[in-house]
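Here it is: the structure, laid out below.
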């Protein structure tokens, strides 16, 4: 039996190493002084962070990512939350079941296929090379995450709470505002975070739909890796990874406090 | 159905309405335009506008009128590019064979002579209504199967039968096979790593389980681009992996890890592994904990108990995970584009090339259609399997 135990520890450890080590290994490289992404690091400096936040192309792409990410978050969260409210019944009618499948479909369709279609269609309506076009494209792929997250929470809401509010004379809109939405808030927040993260990470649709003026951080990273790799990539990756860990901690804490409050 | 029930349904439909409309407009319509570009070929109507007008009034059986002939000659004189003319000939030939010789001859004559020319004297075929019927069909219908056939390395030959493309012109089938093989390799690697890992995760609890799950979730939440960038840096000739191996004296020259198949498979396995572990894990934790002891108490050897109890039960998760991984791998673009070499590009890269590089929307659409169909079929199977699971007690 001990052999099995050792095998479990070795295999588990090796897999954890495979999963996590790549992400950790590139963190120190963000602080290199050299122009090469190699170990050992000759001297430590923050020059690549300075580059990331001050060089024209990078700075602009960060601003673009924030603008497009915010637009996507607002649009996807509003559309996704309202849509999820319509799908909250556990036993969906056939029509609604099909609609739910459609709502989740953008997660599955290969990005390049969607990108080709969007480029063709957006060109016809003058949406290519516009911020609105990029926000719409990002919203299409971000909205399923909002629907999934909001649904997960509102399906757990005790309907009697809303019935109680209604029986006490609250109008449907009041019930929605005072009871349903506050209870759904954790789902809405995590949906919004996912929507923002999806937009931040989206490259393929951006390649097809955005012009040089809408170059996002992810798009800029993509072409930097492709054309001339620089340690600014490691610095950007550092920001992404640390940001991810922070967001994960915040989401976890908000869920914990929610769980203890109820 | 009573009134309040009806009301509730109405409210539900009103709530899903906005998102439904949004997705029809910006998700369904783009996909339909892509499919349309795959089967549309407006070249004849665009290149022969006067002829198109002239033949529209023709009854399709009487001898061709002088007006039609004059329009055709005028149109042929207008064509500037040889490329465009070639497209036109191909289009007409796909409607009726014979145009491949007839058209260049007619065009040359039209360009040589200044005024009107006698088409029938030039070639008897222009007196044959069936050739004009082909022109009518080509200019009025803009549907073609040429791109779809080319997507699977087929074409119509001179006699309009479907044949294979010559080997030097056929690259798509090879790319599809490559995409399939690479996706399958990644899926297998994910099963081999993911299944034991999920089993280990399910067999422990407390902080150990948190640690193991966290190791899966951290990469899942990290940006795909960042993970690809990480592998790009790690796999370089002078990157951390090669320097470490050289330092340890295991290798003397750097292993070629980047811009080849090995690198792409490693990076894609890393990116997709969570999609394998999580479905298996969720199936495993649903299995009653006392099954293995029960098998043991009935005298089954642990290996036998594993093979005939735990493995079959976890198979459901393996199938879901494998479908998810395989489906995602088929459409991968970023990882092969950055980590792979020219010989490791998958179907998505080819689609992107046709769309952005060559501006050949027909081919981009046709290959996109193939990829979309494959993905949708796999997704339907996946949905079927997961709804089966929900239906079971």
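The values are calculated or read from the model by the stated rules, or taken from the named source; none is laboratory data. Keep in mind it's a predicted model, so treat the numbers as computed, not measured. Backbone-built Cβ (ideal geometry, glycine too); neighbour counts: all protein chains shown.
Could you tell me which residue of the range A:40-53 is modelled with the highest pLDDT, considering only residues that are within 15 Å of residue A:236 (Cα to Cα) and within 14 Å of chain B (Cβ to nearest Cβ)?
In this case the residue turns out to be A:48.
Another question, then. From B:37, B:33, B:94, grab the single residue that is in contact with a strand residue (DSSP E or B) (Cβ under 6 Å, 6 or more places away or on another chain) and crowded, with 20+ Cβ neighbours inside 10 Å.
So the residue among B:37, B:33, B:94 that is in contact with a strand residue (DSSP E or B) (Cβ under 6 Å, 6 or more places away or on another chain) and crowded, with 20+ Cβ neighbours inside 10 Å is B:94.
Sticking with this one: Taking residue A:30, is it more than 9 Å from every other protein chain (Cβ to nearest Cβ), farther than 30 Å from residue A:155 by Cα and surrounded by 20 or more Cβ atoms within 10 Å (Cβ to Cβ)?
For residue A:30, the condition - more than 9 Å from every other protein chain (Cβ to nearest Cβ), farther than 30 Å from residue A:155 by Cα and surrounded by 20 or more Cβ atoms within 10 Å (Cβ to Cβ) - is met.
Working only within the range B:354-366, note down all residues that are more than 10 Å from every other protein chain (Cβ to nearest Cβ) and in a helix (DSSP H, G or I).
B:357, B:362, B:363, B:366, listed by residue number.
I've got another one for you. Considering each residue of the range B:28-53, count those that are assigned to a helix (DSSP H, G or I), more than 11 Å from chain A (Cβ to nearest Cβ) and under 30 Å from residue A:133 (Cβ atoms), and give that number.
4
Can you tell me which residue is nearest to the chain's Cα centre (by Cα) among those in the range A:122-152 that are in a helix (DSSP H, G or I) and surrounded by fewer than 21 Cβ atoms within 10 Å (Cβ to Cβ)?
A:148
Using the structure shown, decide if residue B:214 is in the same structural domain as residue B:322 (by TED's automatic domain parsing), within 35 Å of the chain's Cα centre (by Cα) and surrounded by fewer than 17 Cβ atoms within 10 Å (Cβ to Cβ).
yes
Something else about it: Of the residues B:6, B:25, which is within 30 Å of residue B:148 (Cα to Cα), assigned to a helix (DSSP H, G or I), out of contact with any helix residue (DSSP H, G or I) (no Cβ under 7 Å at 6 or more places or on another chain) and outside the structural domain of residue B:132 (by TED's automatic domain parsing)?
Result: B:25 is the single residue among B:6, B:25 that is within 30 Å of residue B:148 (Cα to Cα), assigned to a helix (DSSP H, G or I), out of contact with any helix residue (DSSP H, G or I) (no Cβ under 7 Å at 6 or more places or on another chain) and outside the structural domain of residue B:132 (by TED's automatic domain parsing).
Consider the range B:24-47. How many of its residues are without any contact (Cβ under 8 Å) to a residue 40 or more places away in the chain and within 20 Å of residue B:92 (Cα to Cα)? Before you say what the answer is, go through the steps one by one.
Applying the first criterion (without any contact (Cβ under 8 Å) to a residue 40 or more places away in the chain) to the range B:24-47 yields B:24-30, B:32-33, B:46.
Then drop every residue that is not within 20 Å of residue B:92 (Cα to Cα), which leaves B:46.
Adding up the residues that qualify gives 1.
OK, next. Among the residues of the range A:69-100, which ones are in a helix (DSSP H, G or I) and at the interface with chain B (Cβ under 7 Å from one of its Cβ atoms)?
A:79, A:80, A:82, A:83, A:85, A:86, A:96, A:99
Evaluate the range B:233-247: report whether one residue or more is crowded, with 21+ Cβ neighbours inside 10 Å, touching a residue at least 60 places away in the same chain (Cβ under 8 Å) and in a helix (DSSP H, G or I).
yes
If you check B:292, B:268, which single one turns out to be farther than 30 Å from residue A:244 by Cα, in contact with a helix residue (DSSP H, G or I) (Cβ under 7 Å, 6 or more places away or on another chain) and either within 11 Å of chain A (Cβ to nearest Cβ) or not in a loop (DSSP other than H, G, I, E, B) (or both)?
When all the criteria are applied, what remains is B:292.
Residues being out of contact with any helix residue (DSSP H, G or I) (no Cβ under 6 Å at 6 or more places or on another chain), without any contact (Cβ under 8 Å) to a residue 24 or more places away in the chain and either in a strand (DSSP E or B) or surrounded by 14 or more Cβ atoms within 10 Å (Cβ to Cβ) (or both): count how many of those fall in the range B:54-84.
1
Between a residue in the range B:1-23 that is within 15 Å of residue A:101 (Cα to Cα) and any residue that is modelled with pLDDT of 85 or more and not in a helix (DSSP H, G or I), which pairs come within a Cβ distance under 8 Å, given they are 6 or more apart or on different chains?
Partner pairs satisfying both residue conditions: B:16/A:87.
Yes/no matrix, rows are residues, columns are (1) at the interface with chain B (Cβ under 9 Å from one of its Cβ atoms); (2) out of contact with any strand residue (DSSP E or B) (no Cβ under 7 Å at 6 or more places or on another chain); (3) more than 30 Å from residue A:129 (Cβ to Cβ); (4) surrounded by 17 or more Cβ atoms within 10 Å (Cβ to Cβ):
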| position | (1), (2), (3), (4) |
| --- | --- |
| A:6 | no, yes, yes, no |
| A:35 | no, yes, yes, no |
| A:38 | yes, yes, yes, yes |
| A:55 | no, yes, no, no |
| A:66 | no, yes, no, no |
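For the range B:181-199, how many residues are over 30 Å from residue B:292 (Cα atoms) and touching a residue at least 60 places away in the same chain (Cβ under 8 Å)?
Of the residues in the range B:181-199, 5 are over 30 Å from residue B:292 (Cα atoms) and touching a residue at least 60 places away in the same chain (Cβ under 8 Å).
Further question: Of the residues B:180, B:275, B:281, which is away from chain A (no Cβ under 12 Å), modelled with pLDDT of 90 or more and closer than 18 Å to residue A:15 by Cβ?
Values: B:180 fails: closer than 18 Å to residue A:15 by Cβ; B:275 fails: away from chain A (no Cβ under 12 Å).
Result of the check over B:180, B:275, B:281: B:281.
For residue A:22, work out the one condition from (1) within 10 Å of chain B (Cβ to nearest Cβ); (2) farther than 25 Å from residue A:220 by Cα it doesn't fulfil.
For residue A:22, the exception is condition (2).
Now for a separate question. For the range A:215-256, which residues satisfy the criterion of being over 19 Å from the mean Cα position of the chain (by Cα), more than 10 Å from every other protein chain (Cβ to nearest Cβ) and closer than 14 Å to residue B:226 by Cβ?
Across the range A:215-256, the qualifying residues are A:232, A:235.
Please specify each residue of the range B:200-228 satisfying the condition of being touching a residue at least 12 places away in the same chain (Cβ under 8 Å) and at the interface with chain A (Cβ under 9 Å from one of its Cβ atoms).
Matches in the range B:200-228: B:200, B:201, B:212, B:216, B:217, B:219, B:224, B:225, B:227, B:228.
May I pose another question? Please tell me if residue B:378 is at pLDDT 90 or above, in a helix (DSSP H, G or I), within 8 Å of another protein chain (Cβ to nearest Cβ) and over 30 Å from residue B:257 (Cα atoms).
no
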